[in-house]
Structures are given as C-alpha cells and as structure tokens.
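Just so it is clear, none of the values below were taken in a lab; they were calculated from the coordinates. If you're wondering where the values come from, they're calculated on a predicted model, not measured in any experiment. Quick reminder, even Gly has a Cβ in these numbers, built from the backbone with ideal geometry, and neighbours come from all protein chains shown.
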Amino acid sequence: MLPLIYINNERGGMMLKLQNLSKTYGKGSVKAVDNVSLEIRPGEIFGFLGPNGAGKTTTIKMIVGLLKPDSGKIYLDNIDVWENPMEAKSRISFVPDTPEVYDKLKGIEYLNFIADIYGIPKDIRQERIEKYLDIFELRNAVGDIIGSYSHGMKQKLVLISALIHDPKLFILDEPMVGLDPKSSFHLKEIMRERCNEGKIVFFSTHVLEVAEKLCDRIAIINKGKIVALGTMDELRRYSEEKESLENIFLELTANE
Ligand SMILES: Nc1ncnc2c1ncn2[C@@H]1O[C@H](COP(=O)(O)OP(=O)(O)OP(=O)(O)O)[C@@H](O)[C@H]1O
Ligand SMILES: [Mg+2]
C-alpha cells in the first residue's frame with residue numbers, strides 16, 4: 001500500500017478540510033466512508049478516484065451538505081459546513097452526477113432562479129450567464145423548456161448554474177460523463193482558470209487520463225478508505241515500475 005502523503009499547508013486562505021469523516025447507510029455494517037481526512041488547498045484541482053461503490057459520491061454529498069456524516073467534520077474557510085450551512089453553502093457549488101433540473105422551466109428561467117437564490121445582482125449575473133452560454137453553446141436553447149433538452153444540454157445548464165455565483169469551492173461528481181469532447185475541453189479550461197484564481201475544484205472521475213493531466217493532487221478511495229494521496233509524481237515515486245495512473249489505481253484497488 002502507498003504511504004499517505006500529507007503536506008503541511010501554511011499558505012492560509014481558503015481551505016477545504018475533511019476530518020475523520022465516516023458514514024454508514026441504514027443499518028448496514030459496511031462503512032460507505034470510513035474515517036476519511038483530507039486537506040485541499042486554495043488553487044488546487046483535486047481528483048477523487050476510486051472504483052464503483054468506493055464512497056466518492058457519499059463523501060461529496062457530505063461536503064456539500066446533502067448527507068449528514070455519522071461522525072467527523074468538514075470545514076471550508078474554517079466554517080463548519082454542518083454547523084453553519086448557509087455560510088458554507090454560499091461558497092460552494094455542486095454539480096451532481098445526474099442533472100436534476102425543473103423540466104417545466106425554460107433554461108434562462110432556471111439560471112435566473114439559481115442567481116436569485118444566491119442573490120447575484122442583475123448586471124453580474126447577466127455577464128456570467130452570457131459568458132458561459134457562449135462557451136457551452138447553449139444560447140439558442142436557453143429560451144426553450146428544459147424538458148426538451150438532451151441529457152448533455154441539461155448537464156451544461158447545471159454547469160452554468162453552478163458557476164453563476166462564482167463559488168470558491170466547485171465540486172463535481174463525474175462531470176465529464178455525457179459531455180461532448182468540446183464541452184469537456186471547455187469545462188477543463190474553466191476548472192484550470194478557477195484554480196489559477198486561487199479557488200478550489202474537487203471532482204470525482206473514472207477517467208484516469210483526465211485526472212492524470214488535470215489534477216494537482218489525487219486521492220484514491222477504496223472501500224471507504226483513502227489508499228493513496230498525492231501529486232502524480234508522488235504517487236509514481238511510491239510505486240516502482242508503475243508508471244501510469246491506471247497501473248497504480250489497479251494495484252491499489254485490487255481485491256485481496
Ligand atoms: N442511499 C444509499 N443507501 C444504501 N447504501 C448506499 C446508498 N448510497 C450508496 N450506498 C452504498 O455506499 C457505498 C458507497 O457508495 P457511493 O455512491 O458513495 O460510491 P461511489 O464511489 O460514488 O461509486 P460510483 O463510482 O459507482 O459512483 C456503496 O457500497 C453503496 O452501495
Ligand atoms: Mg458516485
């Protein structure tokens with residue numbers, strides 16, 4: 001097993017801190033998330049990898065305030081996400097693995113609805129909405145009812161809505177699934193751009209090439225536990241002859 005790599009961060013500023021998070025579903029004896037601790041620094045794109053059922057979505061839902069941890073703490077900017085949910089949530093946006101939007105609204109109505117929730121002034125929201133409608137080529141569809149959108153179009157609408165309040169923490173659960181190559185290229189650009197501005201991007205993915213190319217650091221979770229954490233170089237250093245992330249991943253998540 002790879003040794004965990006923890007690097008001290010004294011840079012200050014915003015940080016996402018998970019402290020000993022655990023979650024068991026129902027009466028189950030299996031922990032979906034088992035004592036997970038992570039620190040994500042400002043300016044980082046953080047990739048969260050792991051096999052199906054490893055606990056990625058469960059962890060993400062606890063961070064964004066959708067699923068209460070059995071134990072452990074989550075801090076963003078030193079704000080306890082579960083003790084000060086409104087303060088925390090104003091800094092977070094979450095793109096779930098399946099786009100759930102109100103089919104009866106028009107695209108633009110949905111975007112304005114989200115902008116209203118976050119209290120984004122008219123001129124700022126206008127500018128941001130225009131920008132992302134162009135990037136994701138959704139301008140022509142935004143006047144139509146969401147029910148008429150394709151899956152990918154709904155996904156892009158959710159992405160745009162998640163960017164309207166310019167969140168410090170942008171969390172995405174398998175964001176590349178269902179996006180066409182061009183959109184997924186632009187999304188990666190947006191992720192990079194946000195991190196250059198000192199914000200955090202945290203996303204889960206099964207696409208190891210994306211993680212390898214895009215992420216500043218990567219954590220691999222298996223059966224609820226973090227089994228590796230570090231930069232690609234750090235992960236490589238601890239795995240003799242296992243050059244690719246694919247090999248590292250397969251080795252670490254192999255069933256005994
Ligand atoms: N609502 C639920 N009720 C009961 N068990 C659940 C529920 N959601 C998830 N689980 C269980 O928790 C574990 C972790 O699931 P989770 O969805 O977090 O995995 P994941 O890493 O996101 O997987 P995937 O890559 O398939 O999306 C799995 O064993 C799963 O069966
Ligand atoms: Mg999942």
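In degrees from 0 to 90, rounded to the nearest 10, what is the angle of the helix 122-135 Cα long axis to the longest principal axis of the chain? Relative to the chain, helix 122-135 is tipped by roughly 70 degrees. Here segment 107-168 and segment 16-55 have alpha carbon centers that stand 29 Å from each other.
Estimated from helices alone, the mean residue ellipticity of the chain at 222 nm is -10000 deg cm²/dmol (sum of -39500 (n - 2.57) over DSSP H runs with n ≥ 4, per residue). The fewest-to-most ranking of Phe185, Phe136, Phe48 by surrounding Cβ atoms within 10 Å reads Phe185, Phe136, Phe48. For Val33, nonlocal amide neighbours, meaning residues 5 or more places apart or on other chains whose placed amide H falls under 5 Å from its own, are Lys23. Here Lys199 is the anchor, and the aspartates and glutamates within straight C-alpha reach of less than 17 Å, apart from those fewer than 8 places off in the same chain, are Glu10, Glu39, Glu44, Asp77, Glu87, Asp166, Glu189, Asp216.
Cross-link partners for Lys182 among the aspartates and glutamates, with Cα-Cα distance under 20 Å and sequence neighbours closer than 8 places in the same chain left out: Asp97, Glu130, Asp134, Glu137, Asp173, Glu174, Glu193, Glu209, Glu212. Placing +1 on the Cβ of every Lys and Arg and -1 on the Cβ of every Asp and Glu, with no other charges, gives the chain a dipole of roughly 560 debye about its Cα centre. By how many degrees, 0 to 90 and rounded to 10, does the Cα axis of helix 151-163 deviate from the longest principal axis of the chain? The angle comes out at about 90 degrees.
Pairs of alpha-carbon atoms within less than 8 angstrom and 6+ residues apart define the contacts here; what relative contact order does segment 84-183 have, in percent? Taking the mean separation of contacting Cα pairs over the length of segment 84-183, I get 48 percent. Here the relative contact order of the chain, from alpha carbon pairs under 8 Å that lie six or more residues apart, stands at 29 percent. Treating only the Cα positions of segment 98-166 as identical point scatterers, give the base-10 log of I(q)/I(0) from the Debye formula at each q in 0.14, 0.17, 0.27 Å⁻¹. So the normalised log intensities work out to -0.34, -0.51, -1.30.
For the chain, the C-alpha radius of gyration divided by 2.2 N^0.38 Å, with N the number of residues, is 1.02.
For the chain, find the longest principal axis of its Cα atoms and tell me its angle to the long axis of helix 181-196, 0 to 90°, nearest 10. Its long axis makes an angle of about 70 degrees.
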